[in-house]
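Comments concern the structure below.
The values are calculated or read from the model by the stated rules, or taken from the named source; none is laboratory data. Model, not experiment: these values are computed from the prediction. All Cβ positions, glycine included, derive from the backbone under ideal geometry; neighbour counts span all protein chains shown. What goes into the accessible areas is simple: the full protein's heavy atoms, side chains included, and nothing from ligands, DNA or RNA. Shrake-Rupley method; radii C 1.70, N 1.55, O 1.52, S 1.80 Å.
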Amino acid sequence: VSALRDKGLIAELGFDSAEAMFSIFIPNTYEVYADIAPESLVRRMKGESDKFWSSSKHKAQLEALAMTPYEVMTLASIVHEETNVADEMPRVAGVYINRLKLGMPLQADPTLKYAAGDPTIRRVLDRHKQIDSPYNTYKYAGLPPTPIAMPDMAAIEGVLNYEKHDYIYFCARAEMDGRHNFARTLNEHNR
């Protein structure tokens, strides 16, 4: 934790905050010795992240998305917090990408939980939407300034391989099974 908050190391790796550093962690299995220095582990993770994003496959995906690795990780962190259903992540990512393309606020409830500093919030209320924070994606369009969580590989792949569709709304299904209903219009969404 101290290494992740070390201002010198943060600057060395090209970031401006400790929160931004979470974007370097690509979920995978890494072999390291137990006596590795914390700063060396953080540098190793940055190197692994750079290697992941420099592959020709990921470079092409980033170009198609017109996003940076940091932006993908930020969006993937929202997708990760929005759904636990891996096969739904590309569709959720597609909704957010559609909103970004339209210049529409993301209106992502997980970002309000992060802005409130309370991950235990079960239902986002109108009072949460009034929080003045750059993480309030109801007030501010675009991506928040940093990831809000450490996304898993399914969320990262969900963004990189997002589903192309016309949906711009979604809400939890009445069955409360972790899945969502998707809508193309506000009227459809409200129904």
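What to note about this one:
- Calculated accessible area for the chain comes out at 56 Å² per residue, all protein chains present (probe 1.4 Å; ligands, DNA, RNA ignored).
- With DNA, RNA and ligands ignored, accessible area of residue 59 (1.4 Å probe; Å², nearest 10): 120 Å²
- Sulfur and carbon atoms: percent of accessible area, the chain [1.4 Å]: 50 percent
- Accessible area (Å², 1.4 Å probe, nearest 10) - residue 180: 30 Å²
- Straight-line reach from residue 164: taking Cα to Cα under 13 Å and skipping same-chain neighbours fewer than 8 places apart, the aspartates and glutamates in range are 88.
- Qualifying GluC sites (Glu not before Pro) for the stretch 1-79 [loop in DSSP, other Cβ within 10 Å: at most 13]: 31
- Straight-line cross-link partners of residue 129 among the lysines, defined as a Cα under 18 Å from its Cα and at least 8 positions apart when in the same chain: 113, 139.
- Annotation: extensible slack from residue 101 through residue 50 equals 15.7 nm (criterion: 0.36 nm per residue apart, minus Cα-Cα distance).
- Two-site FRET efficiency, residue 37 against residue 141, from Cβ-Cβ distance with R₀ of 41 Å, rounded to 0.05: 0.50
- Which label in (1) 124; (2) 96; (3) 136 gives the computed volume of the Cα convex hull per residue in Å³: (3)
- Local net charge near residue 86, Cβ-Cβ under 9 Å (Lys/Arg +1, Asp/Glu -1): -4
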